[in-house]
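The values are calculated or read from the model by the stated rules, or taken from the named source; none is laboratory data. These numbers come from a predicted model, not from an experiment. Please note: Cβ atoms are built from the backbone with ideal geometry, for glycine as well, and neighbour counts cover all protein chains shown.
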């Protein structure tokens, strides 16, 4: 299973046409408008990191998804390994590009990150 492309997520009504959380540096941050399950997990936030023009250091093109754990992480960890991504826990007290994780329903949250820097770290 592949992670859906941003245009497809927008067409299917999961994402707003423009970032609805923030646009910071090279990142567009979206909160999903309706439930989206990926690899058995409930995706709640998506970041799209890209460079349309240089605004300073340090772009790492790719995407990230914050998900609430709903089952064991085996499938998503396998996806991460296969696609040279990383998976890691997010503390409830942290911010995700300005979005306060503690404002989400209680649960265990993780980020699946598939950016250039993850490719470098996996080699």
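The C-beta contact set for the range 2-30 (first residue surrounded by 16 or more Cβ atoms within 10 Å (Cβ to Cβ), second residue modelled with pLDDT under 80 and not in a loop (DSSP other than H, G, I, E, B), distance under 7 angstrom, 6+ apart or interchain) comprises 15/6; 26/49; 27/49; 29/22.
Within the range 95-107, if we keep just the residues that are at pLDDT below 90 and assigned to a loop (DSSP other than H, G, I, E, B), the residue that is surrounded by the fewest Cβ atoms within 10 Å (Cβ to Cβ) turns out to be 98.
The lone criterion from (1) modelled with pLDDT of 85 or more; (2) more than 13 Å from the chain's Cα centre (by Cα) left unmet by residue 87 is number (2). Residue selection: residue 92 satisfies the criterion of being modelled with pLDDT under 95, surrounded by 13 or more Cβ atoms within 10 Å (Cβ to Cβ), in a loop (DSSP other than H, G, I, E, B) and at negative phi.
Of all residues being assigned to a loop (DSSP other than H, G, I, E, B) and farther than 13 Å from residue 3 by Cα in the range 32-55, which is modelled with the highest pLDDT? Just the residue, please.
First, the residues of the range 32-55 that are assigned to a loop (DSSP other than H, G, I, E, B): 39-40, 50-55.
Then drop every residue that is not farther than 13 Å from residue 3 by Cα, which leaves 50-55.
Values: 50: 68, 51: 61, 52: 62, 53: 63, 54: 63, 55: 61.
If we take residues in the range 32-55 being assigned to a loop (DSSP other than H, G, I, E, B) and farther than 13 Å from residue 3 by Cα, then 50 is modelled with the highest pLDDT.
With the checklist (1) buried (at least 19 other Cβ atoms within 10 Å of the Cβ); (2) at pLDDT 95 or above; (3) farther than 22 Å from residue 10 by Cα in hand, flag the one item residue 69 doesn't pass. Checking residue 69 against (1) buried (at least 19 other Cβ atoms within 10 Å of the Cβ); (2) at pLDDT 95 or above; (3) farther than 22 Å from residue 10 by Cα, the one that fails is (1).
For the range 4-31, taking the residues that are in a loop (DSSP other than H, G, I, E, B), in contact with a strand residue (DSSP E or B) (Cβ under 6 Å, 6 or more places away or on another chain) and closer than 27 Å to residue 81 by Cα, the one that is modelled with the highest pLDDT is identified as 14.
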